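Enquirer: Structure in structure tokens, see below.
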Amino acid sequence: MGYIWWNFVAILAMVLPVKSQLSVGFYSKSCPKVESIVRSTVESYFKADPTIAAGLLRLHFHDCFVQGCDGSVLIMDENAEINAGPNMGLRGFEVVDDAKAKLENLCPGVVSCADILALATRDAVYLSDGPSWSVPTGRRDGKVSISFEAEDLPSPFEPIDNHIQKFAEKGLDEEDLVTLVGAHTVGRTDCQLFSYRLQNFTSTGNPDPTISPSFLTELRTLCPLDGDPFRGVAMDKDSQLKFDNSFYKNLMNGNGVLESDQRLWSHPSTRDIVKRYGGNLRGLLGLRFSFEFKKAMVKLSSIGVKTGTQGEIRKVCYQFNK
Ligand SMILES: *[C@@H]1O[C@H](CO)[C@@H](O)[C@H](O)[C@H]1NC(C)=O
């Protein structure tokens with residue numbers, strides 16, 4: 001069974017159409033050690049702090065949604081994307097900068113920051129017991145990073161219809177949306193981003209009725225009215241550091257933390273997809289989520305990429321070349 005299934009996966013991978021000018025092994029001649037250097041760099045940060053995986057996933061996603069996956073989010077400047085509201089609390093910059101410094105020593109001016117971030121994200125998922133996949137590379141770094149362009153990133157307070165629309169604008173469908181939100185299986189969020197659900201939700205006098213009673217008690221304990229608004233809370237209450245499908249199971253049981261996550265279970269266009277990933281046959285459905293997640297990540301990390309002679313290869317990831 002397993003053997004046949006994996007063969008099927010391999011054949012499917014061969015017939016999937018090529019969607020961009022990126023290619024797996026783009027640096028195999030120009031900088032053959034790129035993947036092993038990124039991997040070992042991510043490993044060392046991950047050992048010290050496994051929550052860096054969620055940081056890198058979010059960083060890559062926010063990079064790709066604004067100006068395409070071109071490292072625009074990495075620019076440290078007053079007016080750059082990093083200073084937009086939705087980019088508050090972004091993490092993982094030091095991992096990319098560190099890998100970049102090592103690669104500049106080895107093969108100067110060759111590897112883009114955008115590619116380093118895409119590879120590091122893949123490695124972080126794998127280190128969290130998630131799937132691994134081949135990352136097509138060859139992205140170039142962008143020369144534009146403007147704060148206001150990042151203000152429109154999907155927000156946890158928006159209805160699912162908005163999320164569907166924003167993903168569609170990037171060529172991602174409803175299945176990609178639900179699949180990519182699964183990254184929250186290793187994520188954390190702050191009390192301030194969901195505590196409004198815990199009492200007098202939409203001025204009804206009651207909490208959000210879609211939160212399960214036991215989870216409501218748990219969340220109220222973690223985020224009391226006079227508590228720290230910046231306290232971190234796991235978005236997958238069962239296994240914060242493990243990349244698995246229990247996040248979806250939690251949505252099905254009213255144990256979603258962010259409102260927009262929980263709404264994936266009530267919205268008619270996304271409910272069945274959540275069920276497909278989070279239903280009872282744990283092992284098999286976990287496999288299905290892993291398989292779809294790899295595909296969705298390759299799609300995400302190909303959005304609006306710059307290749308060939310577009311953009312540049314930055315010398316350092318936090319500023320444009322002079
Ligand atoms: C809930 O909020 C509304 C609107 O702000 C307010 O009028 C009402 O008194 C609140 N109810 C409770 C139980 O706090």
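Enquirer: Being at pLDDT below 95 and under 14 Å from THR189 (Cα atoms) is the filter here; which residues of the range 213-240 pass it?
Expert: GLN240 - this is the single residue of the range 213-240 that is at pLDDT below 95 and under 14 Å from THR189 (Cα atoms).
Enquirer: Before we move on, is ASP244 outside any helix (DSSP H, G or I), surrounded by 14 or more Cβ atoms within 10 Å (Cβ to Cβ) and within 16 Å of the ligand (Cβ to nearest atom)?
Expert: When the stated conditions are applied, ASP244 does not pass them.
Enquirer: For the subset of the range 83-100 comprising residues that are free of Cβ contacts under 8 Å to residues at least 60 places away in the same chain and not basic (Lys, Arg), which member is farthest from PRO154 (Cα to Cα)? Outline the logic, then answer.
Expert: Here is the first cut: in the range 83-100, the residues free of Cβ contacts under 8 Å to residues at least 60 places away in the same chain are 88, 90-92, 94-95, 98.
Of the ones still in play, those that are also not basic (Lys, Arg) are 88, 90, 92, 94-95, 98.
Values: MET88: 13, LEU90: 15, GLY92: 20, GLU94: 25, VAL95: 25, ASP98: 29 Å.
Checking each candidate, the answer is ASP98.
Enquirer: Tell me yes or no: at least one residue of the range 192-201 is surrounded by 14 or more Cβ atoms within 10 Å (Cβ to Cβ) and either in the same structural domain as ALA54 (by TED's automatic domain parsing) or within 21 Å of the chain's Cα centre (by Cα) (or both).
Expert: Taking every residue of the range 192-201 in turn, at least one turns out to be surrounded by 14 or more Cβ atoms within 10 Å (Cβ to Cβ) and either in the same structural domain as ALA54 (by TED's automatic domain parsing) or within 21 Å of the chain's Cα centre (by Cα) (or both).
Per-residue answers, yes or no, for (1) out of contact with any Leu (no Cβ under 8 Å at 6 or more places or on another chain); (2) within 16 Å of the ligand (Cβ to nearest atom); (3) more than 29 Å from LEU300 (Cβ to Cβ):
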position	(1), (2), (3)
THR179	yes, no, no
HIS184	no, no, no
GLY187	no, no, no
CYS191	no, no, no
SER214	yes, no, yes
THR217	yes, no, yes
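Enquirer: Can I ask one more? Please go through the range 161-185 and pick out each residue that is within 19 Å of ASN255 (Cβ to Cβ) and open to solvent by 10 Å² or more (accessible area, probe 1.4 Å).
Expert: VAL181, ALA183, HIS184
Enquirer: Out of (1) assigned to a helix (DSSP H, G or I); (2) over 25 Å from SER112 (Cβ atoms), what's the single condition that is false for SER155?
Expert: (1)
Enquirer: Continuing with the same structure: Out of everything in the range 291-316 that is of a type in the set (S, T, N, Q) and open to solvent by 30 Å² or more (accessible area, probe 1.4 Å), what residue ends up being farthest from THR121 (Cα to Cα)? Quick ask: steps written out before the conclusion?
Expert: At the first step, the residues of the range 291-316 found to be of a type in the set (S, T, N, Q) are 301-302, 307, 309-310.
In the following step, the residues that additionally are open to solvent by 30 Å² or more (accessible area, probe 1.4 Å) were identified as 309-310.
Values: THR309: 25, GLN310: 23 Å.
Among those residues, the one meeting the criterion is THR309.
Enquirer: Turning to a different aspect of this structure: Does ILE82 count as open to solvent by 30 Å² or more (accessible area, probe 1.4 Å) and β-branched (Val, Ile, Thr)? Steps first, answer last, please.
Expert: Values: open to solvent by 30 Å² or more (accessible area, probe 1.4 Å): yes; β-branched (Val, Ile, Thr): yes.
Spelling it out, ILE82 is indeed open to solvent by 30 Å² or more (accessible area, probe 1.4 Å) and β-branched (Val, Ile, Thr).
Enquirer: Could you please let me know if GLN319 is in contact (Cβ under 8 Å) with a residue 24 or more places away in the chain, surrounded by 17 or more Cβ atoms within 10 Å (Cβ to Cβ) and either not charged (D, E, K, R) or not assigned by TED's automatic domain parsing to the domain that holds ALA120 (or both)?
Expert: no
Enquirer: Might you let me know whether the range 203-210 holds any residue that is assigned by TED's automatic domain parsing to the domain that holds GLY278, surrounded by fewer than 18 Cβ atoms within 10 Å (Cβ to Cβ) and away from the ligand (no atom under 16 Å from the Cβ)?
Expert: Looking through the range 203-210, at least one residue is assigned by TED's automatic domain parsing to the domain that holds GLY278, surrounded by fewer than 18 Cβ atoms within 10 Å (Cβ to Cβ) and away from the ligand (no atom under 16 Å from the Cβ).
Enquirer: Now for a separate question. Could you tell me whether LEU222 is surrounded by fewer than 21 Cβ atoms within 10 Å (Cβ to Cβ) and either more than 16 Å from the ligand (Cβ to nearest atom) or over 30 Å from CYS113 (Cβ atoms) (or both)?
Expert: Numbers: surrounded by fewer than 21 Cβ atoms within 10 Å (Cβ to Cβ): yes; either more than 16 Å from the ligand (Cβ to nearest atom) or over 30 Å from CYS113 (Cβ atoms) (or both): yes.
For LEU222, the condition - surrounded by fewer than 21 Cβ atoms within 10 Å (Cβ to Cβ) and either more than 16 Å from the ligand (Cβ to nearest atom) or over 30 Å from CYS113 (Cβ atoms) (or both) - is met.
Enquirer: May I pose another question? Just for the range 193-202: of the residues that are over 13 Å from LEU258 (Cβ atoms) and assigned to a loop (DSSP other than H, G, I, E, B), which one is nearest to the ligand (Cβ to nearest atom)? First the steps, then the outcome.
Expert: Keep residues of the range 193-202 that are over 13 Å from LEU258 (Cβ atoms), which gives 199-202.
Then drop every residue that is not assigned to a loop (DSSP other than H, G, I, E, B), which leaves 199-200.
Details: GLN199: 7, ASN200: 4 Å.
Only one residue tops the list, namely ASN200.
Enquirer: Now for a separate question. Inspect the range 97-113 for any residue being part of a loop (DSSP other than H, G, I, E, B), in contact with a Gly (Cβ under 9 Å, 6 or more places away or on another chain) and not polar (S, T, N, Q) and give the result as yes or no.
Expert: Within the range 97-113 (the criterion being part of a loop (DSSP other than H, G, I, E, B), in contact with a Gly (Cβ under 9 Å, 6 or more places away or on another chain) and not polar (S, T, N, Q)), the answer is no, since none of the residues qualifies.
Enquirer: Quick one: how many residues across the range 47-79 are open to solvent by 10 Å² or more (accessible area, probe 1.4 Å) and either among the charged types (D, E, K, R) or assigned to a helix (DSSP H, G or I) (or both)?
Expert: Residues flagged as open to solvent by 10 Å² or more (accessible area, probe 1.4 Å) and either among the charged types (D, E, K, R) or assigned to a helix (DSSP H, G or I) (or both) within the range 47-79 amount to 11.
The values are calculated or read from the model by the stated rules, or taken from the named source; none is laboratory data. These numbers were taken from a predicted model, which means no experiment stands behind them. FYI the Cβ positions are ideal-geometry reconstructions off the backbone, even for glycines, and counts take in every protein chain you see. To get the accessible areas, we keep the full protein, side chains included, count just its heavy atoms, and leave off ligands, DNA and RNA. Shrake-Rupley method; radii C 1.70, N 1.55, O 1.52, S 1.80 Å.
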